[in-house]
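Structure first, then comments.
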Amino acid sequence: MSLIKPKRIEDYLIFYLKKGSTRCLDLVMKIQEIRPGTTKQAVYSALRLLRDEEQIIIAKGLASLNLSWINEMTTFFELTKDNYLADSGSGSFLDLEDNERIKYYFNNTHKADIFWTHAYYLLIEQLKSGEPIFLYNPHEWFLLARTANEISVYNTAIKKNHPVLVTAGNNTFLDKYVLKYFDGTMRQCNTLSKPIFKENNYYINIFGDFLLEAWLDKDIANKIEDLYKTTNDYDDVTKEAFQNILEIEGRMRIVISRNHKKTLRLKKSLAKGFAIKKEQRP
């Protein structure tokens, strides 16, 4: 089942029902809008399947998610998360001592981003309460190429009371366009007129004493740079250009290290561009 990117009719039904009980006829229309050519019979067949599997309840023409099933899934995912967090300390980057590092290599941006997101979630769990997360990107293009995923990782940190402080190394139209996703408090973005680092493919994330450094393939980074320099509108053409970049094959490198002195120096430098509570400053 894919609820992030629904494919089957059943996936779409659960995706829509997460907002609350809905008339079956309305669900038919919603499905037909997103999947032209889908018959009414196919939608009702999918509804019956979900009912038989006890994932939904249908009564008086209304379909609802089965709360019992929701609770079972919640328990399953919470237990899975706890097991992975407990297991992740066995020979993983979370076991690093100060001044130690681990390198990872990938052959495209999609695979690298999946690991990157996985590492992000694990590293959040190691932070002290209220401690900010510092990010430096030449451009915050992830909010344009993978909007839902990027917002989700931000929100996960915020729910745990960790401000997300993003420094973008440039100040082009697209760099400023993503500012709408930041509220100026728990989500802040500081766009610079000049990058801090010379390399346009170098990204850093800081979680306490942990430092995640990522180097995109140079050719891919140059394509991103060209897109930012030549774009003055965020339209369908721009969206497609970002999606095409995600499909490009290229060698990526991620290095995760634990280095108190280096992270402290970087945090102090980046913190100058943000409004941070005194007790949260490095």
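With the helix formula -39500 (n - 2.57) applied to DSSP H stretches of n ≥ 4, the chain reaches a computed 222 nm mean residue ellipticity of -14000 deg cm²/dmol.
Paramagnetic label reach from ASN66 (point 7 Å along Cα→Cβ; backbone nitrogen cut-off under 20 Å): within the range 25-52, residues 43-52. For the range 7-47, the Cβ-based charge dipole about the Cα centre amounts to some 60 debye (Lys, Arg positive; Asp, Glu negative; other atoms uncharged). Taking every alpha-carbon pair under 8 Å whose residues sit at least 6 apart, the range 9-69 reaches a relative contact order of 40 percent. Residue-normalised convex hull volume from the C-alpha trace of the range 117-251: 107 Å³ per residue. Listed by chain and number, the lysines whose C-alpha is less than 25 Å from the C-alpha of LYS267, apart from same-chain residues fewer than 8 away, are LYS103, LYS128, LYS159, LYS160, LYS176, LYS180, LYS194, LYS198, LYS277, LYS278.
Per residue, the average separation of C-alpha pairs within less than 8 Å and at least 6 apart gives the chain a relative contact order of 19 percent. Using only side-chain charges placed at the Cβ, +1 for Lys and Arg and -1 for Asp and Glu, the dipole size of the range 93-280 relative to its Cα centre rounds to 800 debye. Annotation: the antiparallel percentage among DSSP beta bridges lying fully within the chain is about 75. Modelled spin-label separation between SER129 and THR38, with each label point placed 7 Å from Cα along the Cα-to-Cβ direction: 4.4 nm. What's the FRET efficiency of GLU54 with SER193 using the Cβ-Cβ distance as r and R₀ = 45 Å, to the nearest 0.05? Taking R0 as 45 Å, the efficiency between GLU54 and SER193 is 0.20.
Rg of the Cα atoms in the range 9-69, relative to 2.2 N^0.38 Å, amounts to 0.99.
Values quoted throughout were computed directly from the atomic coordinates according to the rules given, and no laboratory measurement underlies them. Please read these numbers as outputs of a predicted model, since none were measured by experiment. Here the Cβ is made from the backbone with ideal geometry for all residues, glycine too, and neighbour counts use every protein chain on show.
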